[in-house]
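Participant: This is the structure I want to talk about, given as structure tokens.
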């Protein structure tokens, strides 16, 4: 039996470790901000009224996480009880999402004249569900953090039994990202976080103003998670997606304490290496978590699509390969831009956007900024990254590594694409071997 003194010392140690990690991550994030400040400063002339306040959010999230840490709920629950906490939470989110969709339907229905009257019972139910969601979410977060941490530890990615940094995430409405690329080449030059739930009219005007004022390509995109600390994760009842997103963002936190993450903004290649690594590792960790704790939620081994169909739209035909078609689009756009045919490339992207729409993929805008954002996630051979060798090199290094821990320890110290290429060459099998 552990004495009260030893237990207290262990708790103090965990709090001190968290505090040190928070300080290191905050310093690293500020360094990254400074690296892109010159590029983003012109864009911020347009975005300042709608920018997201990370400082206030982080302080509130840290307060909630300290409350959660004091309770240390997973320690008092049997594995079956931990699992039930998560399943009950997911069911609650499902109910909340359904009520909110019903309310939206009443307001959108052309025959409904007084939606505020008809939706009054639904609004009251939503308020009750939101209050219950607020009550349950910290417990569900604590359990999933514990389960993911256990799997990470078993994979050899812990220090003294504790992942470093500790796995911490918080479900919250996420900021949207304004992505800016030059028109003449696909390259992300700014990524500005905006307030959640901005009206589409505001988003459209902002994109247009930035494009006209700076002669660039701009696009506001939704994100599913952000690797601040604690990580920000969107509310969802999809357990497989939730675990993968938490794992993905933890990989970013892990890398932030190492050269690869510190140099995230150093070049487009470094961003692609970071995001591809997080995608590969996040999926691998998530599958291990689901296999151990929630095997009925384990999805089949298959490539996820980079841009799913819009909610409520008809599912795409099975013969339509979104990734292959998007890969073809990107390769063609790159060729047109390389030839200096900017207007032709933009006309082609709009035609392809309509093509995707007809096949059930409701992409609002398809432009250089779209590819600058989605093209960094190169964990599959084809997709919006086009003929980018960086993602292929990351995938090759993972395939040549004996396990995930060995892969992450190798790639975490990469400081350039040339470094990555050398690692790939060093791990190449012997001829005839």
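Participant: How high is the FRET efficiency between residue 80 and residue 238 when r is their beta carbon distance and R₀ equals 30 Å, given to the nearest 0.05?
Facilitator: Working: r = 22 Å, r/R0 = 0.74.
It comes out at approximately 0.85.
Participant: Now a separate question. Please find the FRET efficiency linking residue 102 to residue 338, where r is the Cβ-Cβ separation and R0 is fixed at 56 Å, and quote it to the nearest 0.05.
Facilitator: 0.70
Participant: Hey, how many Å between the Cα centroid of segment 130-144 and the Cα centroid of segment 249-267?
Facilitator: Here the two parts' Cα centres lie 29 Å apart.
Participant: So for 297, 320, fewest C-beta neighbours within 10 Å to most, what's the order?
Facilitator: With the sparsest Cβ surroundings first, the list reads 320, 297.
Participant: Another one. Using the count of nearby Cβ atoms within 10 Å as a rough guide to exposure, how do 242, 198, 174 rank from fewest to most?
Facilitator: In increasing order of surrounding Cβ atoms, one gets 198, 174, 242.
Participant: What is the spin-label model distance, in nm, from residue 426 to residue 118 if the labels are put 7 Å beyond Cα along the C-beta direction?
Facilitator: According to this spin-label approximation, the distance is 6.6 nm.
Participant: Starting with the fewest neighbours, write out 55, 289 ranked by other beta-carbon atoms found within 10 Å of each beta-carbon.
Facilitator: In order of increasing Cβ crowding within 10 Å: 55, 289.
Participant: A further question on this structure: Write down, largest first, the equivalent ellipsoid semi-axes of segment 146-294 in whole Å, where each equals the square root of 5 times an eigenvalue of the alpha-carbon gyration tensor. If you can, show how the numbers build up before the last one.
Facilitator: Working: eigenvalues 204, 66, 27 Å².
Value: 32, 18, 12 Å, ordered largest first.
Since every read-out is calculated from the coordinates, none of them should be taken as a lab result. Since the model is a prediction, treat every value here as computed from it, not as a measurement. No Cβ is skipped: glycine too gets one built from the backbone with ideal geometry, and neighbour counts run over all protein chains shown.
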